[in-house]
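Notes follow once the structure below has been shown.
The values are calculated or read from the model by the stated rules, or taken from the named source; none is laboratory data. Computed from a prediction, not measured in an experiment: that's the story for all the values here. Virtual Cβ from ideal backbone geometry, glycine too; neighbours counted across all protein chains shown.
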Amino acid sequence: MKPGNKDKSAVNKIINELNEGVEHLDAGVERSLRQARAHALQQADKRRNFFSPSGRQWVPAASGLAALFLVFLTVGLWLHGSAPPSLQTTPSEIDYLDIIVDGDNPDLYQDIEFYQWLAHEDQSG
Amino acid sequence: MTPEQTRALDRFLADVERRAYIMAHVATKSREDALDLVQDAMLTLVQRYHSRSEHEWGPLFYRVLQNKIRDWRRRTAVRNRWRGFLTRWRNDENDETDPIQQVEDKGGIGPEKQHLIDQTTKALMTALHLLPPRQQQVFLLRAWEGMSVARTAFVMQCSEGSVKTHYSRAIHALRTELREYWQ
């Protein structure tokens, strides 16, 4: 619904009143608005300075810390580092592997511990 | 943000800040709350949208402001509910508004003109305060800010049809409320 002429004139009156309100803002409000604007722009500058090339003062400090960490890590590994696990297998492990792969005479191998004990007893006795 | 952008933003904010304050004041009826909302809106615009082109700042700023006003209404509704509960409980009704703070600096206007302005402004502000929030917003954006239906819909985050309906209802409500002035 579009406002008629009467409505338009009344709306204009209201608008004039609102404009009067803008023109006659009290000094305290104007001062607060100026401060709010300055604060907003200042905050944006702070953010900009943090990330901008000229304001990246945190980069050298961060790099130094990272380098220090790497040095500590290297020294720590060097001092407490254990030898890499050996890939060499013991003969007994190979024997067991052969038994599993071949699959012949499994009973003998199942009692192998007994025969080993018997041999040991014979030697000592 | 380049120094040119900072200057452009400063100009833009200086241009809209008073009207934004009046808009927030119509919604909140509180000087301090209105100032807080405008400051928050300025901060959000500068931090999030400074890189947008200058002609986008207007709708974006008012959109942010309207969102802040909406959030303020929600917070106030919750606070009032609690306050009402506590007031009933304590049976203690304290008026928190300081009448001296409410008195505005009149500047250099004569007493007769000031009286007329006061009367009319009071009636107008009362009528605007009485409007439902969406009607209040749409009236200020369409009639006062002179925004198009499409731009108002963007700011209010609603359809253009809703904008037209709210505006029509706002005019009808104001006509009823301001019979004496509606001539």
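So if I check each of B:Val16, B:Val78, which one is out of contact with any strand residue (DSSP E or B) (no Cβ under 6 Å at 6 or more places or on another chain), hydrophobic (A, V, I, L, M, F, W, C) and farther than 17 Å from A:Arg31 by Cα?
B:Val78
Here are B:Ala34, B:Ala41, B:Ala77: which of them is small (Gly, Ala, Ser) and surrounded by fewer than 19 Cβ atoms within 10 Å (Cβ to Cβ)?
B:Ala77
Regarding B:Glu160, is this residue at pLDDT 90 or above and of a type outside the set (Val, Ile, Thr)?
Taking the combined requirement at face value, the residue satisfies it.
Looking at segment B:142-155 only, could you name the residues that are within 16 Å of B:Arg19 (Cα to Cα) and within 12 Å of another protein chain (Cβ to nearest Cβ)?
B:Arg142, B:Ala143, B:Trp144, B:Glu145, B:Gly146
Residue check: is B:Thr176 outside the structural domain of B:Ala20 (by TED's automatic domain parsing), in contact with an Asp or Glu (Cβ under 8 Å, 6 or more places away or on another chain) and either of a type outside the set (Lys, Arg) or at pLDDT 95 or above (or both)?
Numbers: outside the structural domain of B:Ala20 (by TED's automatic domain parsing): yes; in contact with an Asp or Glu (Cβ under 8 Å, 6 or more places away or on another chain): no; either of a type outside the set (Lys, Arg) or at pLDDT 95 or above (or both): yes.
In short, no.
Give B:Arg70, B:Arg74, B:Arg52 a once-over and let me know the one that is modelled with pLDDT under 95, more than 9 Å from chain A (Cβ to nearest Cβ) and outside any helix (DSSP H, G or I).
B:Arg52
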